[in-house]
Structures are given as structure tokens and as C-alpha cells.
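Contents: one structure, followed by commentary.
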Amino acid sequence: MGRDRRTRIVRRVFLLSGALFAVLCATAHADVGPPRLSPSAGKPGQVVIGKGPSGMPVLMIPAWLAPKRYSCHGGAVCEPYSVGAPSRLPWIRLGRMSGRVLPVTFGTIRFRVPRVAPGRYKVFVYCEPCYRGRRGSLITDDRIFRVLRAGSAGRRVVYPGDRLSFILPPGWHVTSARVNGVLDPVTIFTATSFGLRDPRPSGGICSVTLQRQWHVRGAYVQLTEERDGASRKRLLRRVAPRPLHFETRRQGAGALCTPADSGEITFQERGRAFYVFYGIGKRASPATRVAVRALLDSLRIGRR
């Protein structure tokens, strides 16, 4: 066999292999999506069964942290990607679909709901052949998997004089004592994931109590209300209505002068103006972060 003929054969094999890989990848990408889970909500420890594309790792992440599609290749929309299936928090590995990755067929998965904080989660599959090179696509859809509260669902704390209530997450603590030197806005409560010993006022907005007892795996939420007539009117003119879901994405120090990640949220509801001060330790678990938002979302506020 001559050298030129061998070269032509190698080229044909290479081209056919590339075309076959492209067809498989295109088929994979067209058929790939997160498994359809039954039930679509569950308590920690509950068995869930899913049906979807075969052979792919299945992961879960709090909905507010879920990566989104992005513009690429001259206006096209691409899926987020990762080098290997994510294995670190806030990602939570649920298992792998049965069967082989290629060719794409239907597989099943059976897992128990992880012991994470209740809330809204997005389910992804990691599709390695859907991306060229060492990367793989992280693919999801519009569906939400809800982790429900376990037997201990926390308790609703009611402040009749302040005409509001909220659900305190299991294991959390709450005090209505002032922990800084501010008189107005008025402190309604400070909730912490760690026991707050001997809370007491300190000078200015900073809370020495929280600074000294800060925990890198802990979190706190403080709710205050602007009640001074003139100040309340000014605040009501410039702050947005209460959001449907609270976001706590602030990075860095702040709030009541506590370390990262600490922040402040202002909102109004029923003619009342509020400040939320929060702090979340850098090593806080995804469950703790979800608990902060769940507490805020559980607020029920009446008209004064």
C-alpha cells in the first residue's frame, strides 16, 4: 500500500470519527436535561426517583446560587460549564443516572433527599460530551425541586406589639435586646445560628456582642424598623417594596461591623420601613445560608 493511499485512508477515518463524535454530541446535547423527579418535593431522607438522560452525574444547588446561561459565539446562548463534575459546596452530588453516557438513552436515578436547609433548589446534569475539550456542560431547566421542612420545622416567633412574626430555623436563637447603640431605627429582634451570650448595647451602630462572638460557620439576622415620623417618611420615599424572595449576596464586611459576608437590606411593607442587617460566616454551610433567606422570607408583617 502506497504512502499516499495510507494518508487518504487515515484522513477518511479521522473525518468519519469527527463526524460521528459531532453527531453523538449533537444528539447528546439535544436530549440532555435534568431528570424528571418524582416527587418534585421532599423532606430530608425521603426517597426520590428520577428519569432522564443516561450515565450522567446529577447535582443540586440552591436556586439563588445556580449558574445561568450566557451569551457566546456571536449571540448564541451557551450552558454554564465545569472542568469535571462540581464536587465542592454549594454543589450537592445526588448520584449518577444509570446506563452509559453515549449513546444517550434513558436512565434512572434513586436517591434520598440530602439533609440540607428547606428551600428551592435547581437540579443539574453534568454532560461531559456536550462540550469540547476537558470541560462539560451543566444543564438544567425551569423546574424547581423543593426541600421541605423535616419534622422539626422551626417555630413561629410572634411579636404582638410589633405586629409581626417569623419562623426561627431549628437550632437558632433569638433576642429582642439591643446589641448596639442605635435607638432609632428600633431593634425588633436579632436571630443567630449560635448562642448569643449576654447581649448588651454598645456605642454606635457596631455590635461589640456580635463582633466578639462571631463564628465563621455561623450567621445572624437583625430586623429594625424606622419609626421616627420624619425619618420614616424619607425612607419610604426611597426604598423598594419588600422583595418576593430576599437575597443575601453581599460580600465583605459591613452590617453591624461584622466580618464577611455581612450586609444590609432596606424595604417597606404596609407603610412601614425596615432595615435588615445580616452576617454569614465565610465557612457557613449552604444550609445555614438558605436558613437566613428562609427566615426573612417567612416574615409576616401587619399594618401598625
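Bear in mind that the values in this text are calculations on the coordinates, not laboratory data. All values reported here derive from a predicted model rather than from experimental measurement. Here Cβ is always computed from backbone atoms with ideal geometry, including for glycine, and neighbour counts include all displayed protein chains.
So here's what we get for this one:
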{"quantity": "Net charge of Cβ neighbours under 10 Å - reference SER40; Lys, Arg +1; Asp, Glu -1", "calculated": "+3"}
{"quantity": "Rg/Rh for region 155-301, where both radii come from Cα atoms and Rh is the Kirkwood radius", "calculated": "0.93"}
{"quantity": "Ellipticity estimate at 222 nm from DSSP helix runs (n ≥ 4, -39,500 (n - 2.57)) divided over the chain, nearest 500", "calculated": "-6000 deg cm²/dmol"}
{"quantity": "Table column - 3J(HN,Hα) (Hz), region 245-261, Karplus curve with 6.51, -1.76, 1.60, x for Gly and Pro", "calculated": "9, 6, 10, 10, 9, 4, 10, x, 7, x, 6, 9, 6, 9, x, 5, 9"}
{"quantity": "Kyte-Doolittle mean at least 1.0 and Cα axial length at least 30 Å: DSSP H helices in the chain", "calculated": "none"}
{"quantity": "Taking TYR131, TYR126, TYR159 and counting other C-beta atoms within 10 Å, the order from fewest to most", "calculated": "TYR159, TYR131, TYR126"}
{"quantity": "Alpha-carbon radius of gyration plus Dmax, which is the widest Cα pair, for region 205-267 in Å", "calculated": "13.7, 39"}
{"quantity": "Cα-based convex hull, region 31-147, per residue volume (Å³, whole number)", "calculated": "98"}
{"quantity": "Spatial separation of Cα centroids for region 29-102 and region 220-284, in angstrom", "calculated": "33"}
{"quantity": "Size of electric dipole in the chain: Cβ of Lys, Arg +1 and of Asp, Glu -1, about Cα centre, debye, nearest 20", "calculated": "640"}
{"quantity": "For region 83-155, size of Cβ-based charge dipole, Lys and Arg +1, Asp and Glu -1, in debye", "calculated": "300"}
{"quantity": "Of (1) 25.3, 96; (2) 28.5, 89; (3) 20.4, 60, the label for Rg and Dmax of the Cα atoms in Å derived from the coordinates", "calculated": "(1)"}
{"quantity": "In sequence order, calculated HN-Hα J values of region 127-140 (Karplus, 6.51, -1.76, 1.60; Hz; x Gly/Pro)", "calculated": "9, 5, x, 7, 9, 6, x, 7, 8, x, 7, 9, 10, 9"}
{"quantity": "Globularity ratio of region 161-200, using Cα Rg and 2.2 N^0.38 Å", "calculated": "1.23"}
{"quantity": "Amide hydrogen neighbours beyond the local backbone of ARG242, cut-off 5 Å, H modeled", "calculated": "GLN268"}
{"quantity": "Residue order, fewest to most beta carbons within 10 Å, for TRP91, TRP214", "calculated": "TRP214, TRP91"}
{"quantity": "Ascending count of other beta-carbon atoms within 10 Å, so fewest first, for CYS127, CYS72", "calculated": "CYS72, CYS127"}
